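Everything on this sheet refers to the single structure shown next.
The values are calculated or read from the model by the stated rules, or taken from the named source; none is laboratory data. Computed from a predicted model, the values in this text were never measured in an experiment. Because the Cβ atoms are built from the backbone with ideal geometry, glycine has one as well, and the counts that use them run over all protein chains shown. Ligands, DNA and RNA are excluded from the accessible area calculation, which covers all protein heavy atoms including side chains. Shrake-Rupley method; radii C 1.70, N 1.55, O 1.52, S 1.80 Å.
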Amino acid sequence: MADEPKGELRTGLLNGFAAYGMWGLVPLFWPLLKPAGAMEILAHRMVWSLVVVAVALLTVRRWAWAGRLLRQPRRLALITVAAAVITVNWGVYIWAVNAGHVVEASLGYFINPLVTIAMGVLILKERLRPAQWAAVWVGFAAVVVLAVGYGQPPWISLTLAFSFATYGLVKKKVNLGGVESLAAETAVQFLPALGYLLWLSAHGDATFTTDGAGHAALLAATGVVTALPLVCFGAAAIRVPLSTLGLLQYLAPVFQFVLGILYFHEAMPPERWAGFALVWLALSLLTWDALRTAHRAARTLADAGGVPGRILAKGTVSAVRSAKDVASGTASDPGPDPDPATAARP
């Protein structure tokens, strides 16, 4: 029996590495879809993602949530907002990768936690600890340095970071599981995406039927590329401590950054290295502060005499979850805890 928790943890870690590894290596996939443009690729991703998650939900017979969702107009409105925001995020990311801006795209996911914290202060009126303030100001300095290096603000990075931070905030309010949420969002996206693909085909500009069966298969595979890492993430989230999961999430932008330099041979002049170094310093401050806060909360609970083990465990998990929210860039919310499998990535 003692080996069972270790086996579960090992399985969770493998799924976590698989999820963030796939998200980190996805820049290798989008160029394979040329000569399709970013908009056509995006539309196919929406259409085929719905097909994949619908098959998955039919297989496991998990449709009860859909009926409840249809009876809740506020949640439906939030799902629509989430679908619109992630459409912007996906579209900009695909365009950035295929236009040779992989490093700048990776920066967007490095600074996403900083943007989320800033949104928490401005929108939710949250109060930050000194280390969090320091991280935000260091991150702001990084953006200034990078703006000087690029000759303009890093718009790709900022768009990705702000769109994904907004998406995370909305998803927190919706409180749906990862696969269910993706199904709902792609259902909103489906008709506009299908209509755009039909319009392209009618004008002779679609590549799905004109560039061979291999190209068509790759476009259809966008659904699997979207859904598979999400499934792995869900499997990891229920087995791995959330603080560990919060640290694993940095694998994706690290992989993207390395690919941008070593595989796509993108330029990294000194001022960009300086900007990235400041971003990494800010993330180190955030991670250190989050882990320290979780450790202090757990120790305080442990020092309280007569606390039953079950209550102690629950408190420790809550502390770790709070730390993970800060580290991963998920805006805090006083409502019920969300299903852990609510991530969505490029």
- So which pairs qualify, if the first residue must be in the range 150-162 and touching a residue at least 40 places away in the same chain (Cβ under 8 Å), the second must be assigned to a loop (DSSP other than H, G, I, E, B), the Cβ gap must be under 7 Å, and the two must be at least 6 apart or on different chains? I156/H101
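How about the range 193-216: which of its residues are of a type outside the set (D, E) and buried (at least 16 other Cβ atoms within 10 Å of the Cβ)? Let's see the steps before the verdict.
Taking the range 193-216 and keeping what is of a type outside the set (D, E), we get 193-204, 206-210, 212-216.
Listed by number, the residues that qualify are A193, Y196, L197, L200, A206, T207, F208, H215.
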- Filter result (outside any helix (DSSP H, G or I) and crowded, with 19+ Cβ neighbours inside 10 Å) within the range 240-250: V240, Q249, Y250
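Going through L219, L278, L230 one at a time, which residue ends up being touching a helix residue (DSSP H, G or I) at 6+ places or on another chain (Cβ under 9 Å), open to solvent by 20 Å² or more (accessible area, probe 1.4 Å) and touching a residue at least 60 places away in the same chain (Cβ under 8 Å)?
On the way: L219 fails: open to solvent by 20 Å² or more (accessible area, probe 1.4 Å); L230 fails: open to solvent by 20 Å² or more (accessible area, probe 1.4 Å).
It is L278.
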- Message: Looking at L78, L58, L42, can you tell me which residue is of a type outside the set (D, E) and either exposed (fewer than 15 other Cβ atoms within 10 Å of the Cβ) or touching a Leu at 6+ places or on another chain (Cβ under 9 Å) (or both)?
- Response: L58
- The lone condition E180 fails out of (1) at positive phi; (2) in contact with a Lys or Arg (Cβ under 8 Å, 6 or more places away or on another chain) is (1)
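Would you check which residues across the range 158-182 are assigned to a helix (DSSP H, G or I), farther than 20 Å from I41 by Cβ and open to solvent by 10 Å² or more (accessible area, probe 1.4 Å) and list them?
In the first step, residues of the range 158-182 are kept if they are assigned to a helix (DSSP H, G or I); the result is 158-174, 178-182.
Checking which are farther than 20 Å from I41 by Cβ leaves us with 158, 161-162, 165-166, 168-174, 178-181.
Scanning the range 158-182 gives L158, F162, T166, G168, L169, V170, K171, K172, K173, V179, E180.
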- In the range 261-273, is there at least one residue being part of a helix (DSSP H, G or I) and touching a Lys or Arg at 6+ places or on another chain (Cβ under 7 Å)? no
- Query: Out of (1) under 14 Å from L182 (Cα atoms); (2) touching a helix residue (DSSP H, G or I) at 6+ places or on another chain (Cβ under 8 Å), the odd one out for V97 is which?
  - Reply: (1)
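Is it true that some residue in the range 258-270 is under 22 Å from L25 (Cβ atoms), among the β-branched types (V, I, T) and open to solvent by 30 Å² or more (accessible area, probe 1.4 Å)? Before you say what the answer is, go through the steps one by one.
Here is the first cut: in the range 258-270, the ones under 22 Å from L25 (Cβ atoms) are 258-268.
Subsequent filtering for residues that are among the β-branched types (V, I, T) retains 258, 261.
Still in the list and also open to solvent by 30 Å² or more (accessible area, probe 1.4 Å): 258, 261.
Looking for residues that are under 22 Å from L25 (Cβ atoms), among the β-branched types (V, I, T) and open to solvent by 30 Å² or more (accessible area, probe 1.4 Å), one finds at least one in the range 258-270, hence yes.
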- Query: Residues that are under 18 Å from the mean Cα position of the chain (by Cα): which helices (runs of 4 or more DSSP H) entirely in the range 25-114 hold 1 or more of them?
  - Reply: 38-60, 73-98
- First in the range 33-45 and of a type in the set (V, I, T), second anywhere and assigned to a helix (DSSP H, G or I), Cβ under 7 Å, 6 or more apart: I41/W30; I41/L33; I41/I94; I41/T222
- Considering the range 115-135 alone, what residues qualify as being within 21 Å of the chain's Cα centre (by Cα) and small (G, A, S)? A118, G120, A135
- Message: Would you confirm whether or not the range 196-213 contains a residue that is touching a residue at least 40 places away in the same chain (Cβ under 8 Å), farther than 30 Å from P73 by Cα, out of contact with any Cys (no Cβ under 6 Å at 6 or more places or on another chain) and part of a helix (DSSP H, G or I)?
- Response: yes
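Counting only residues that are open to solvent by 30 Å² or more (accessible area, probe 1.4 Å) and assigned to a helix (DSSP H, G or I), how many does the range 139-157 have? Walk me through it before giving the result.
Of the residues in the range 139-157, the ones open to solvent by 30 Å² or more (accessible area, probe 1.4 Å) are 140-141, 143-145, 148, 150-153, 155.
Next, from what is left, pick out any that are assigned to a helix (DSSP H, G or I): 140-141, 143-145, 148, 150, 155.
Final tally of qualifying residues: 8.
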